[in-house]
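Bear in mind that the values in this text are calculations on the coordinates, not laboratory data. Note that the structure is predicted; figures quoted are calculated from it, not measured. Backbone-built Cβ (ideal geometry, glycine too); neighbour counts: all protein chains shown.
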Amino acid sequence: MALKITPFDAAEYFDDAESQAEFLADAFETGDATYIAHALGVIARARGMTAVAKNAGVTREALYKALSDKGDPRLSTLLGVTKALGLQLDVKPIGPGSLGA
């Protein structure tokens, strides 16, 4: 019996700002650049890649490439995308003494 595969796109399930912010926060907590780019891509698709790219100041194709598995978005792209998504990046110490103090 052949295995039937159903396409899955996580973007269909992240349809509100709160779940999107939680997803992205989880990605940043891991420190995994690939996961962060993936999360941004999922959220951008959920909001409409064309609109996000326009508001981020990049082409849709460039945004798809930057947020792909092999992509490595520039800091300016990362900042533009988060701003286009209406999100703000915050920085906090990892733990006591983590800043060399």
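Annotations for the structure displayed:
- Across the range 13-84, the mean sequence separation of Cα contacts (distance under 8 Å, 6 or more residues apart), normalised by length, yields a relative contact order of 31 percent.
- Computed per residue of the chain from DSSP H runs no shorter than four, each worth -39500 (n - 2.57), the mean residue ellipticity at 222 nm is -16000 deg cm²/dmol.
- Under a Gaussian network description of the chain, with springs only between Cα atoms under 10 Å, the residue in Tyr13, Tyr64, Tyr35 that fluctuates furthest is Tyr13.
- Extending 7 Å from the Cα toward the beta-carbon at both Lys83 and Asp32 defines two label points whose distance is 2.9 nm.
- The modelled label-to-label distance for the pair Glu61/Ala10, using points 7 Å beyond Cα in the direction of Cβ, is 2.7 nm.
- Residue-count net charge about Ala37 - beta-carbon cut-off 12 Å; Lys, Arg +1, Asp, Glu -1: 0
- Cα gyration tensor shape for the range 13-84, rounded if a/c is under 1.5, else prolate or oblate: oblate
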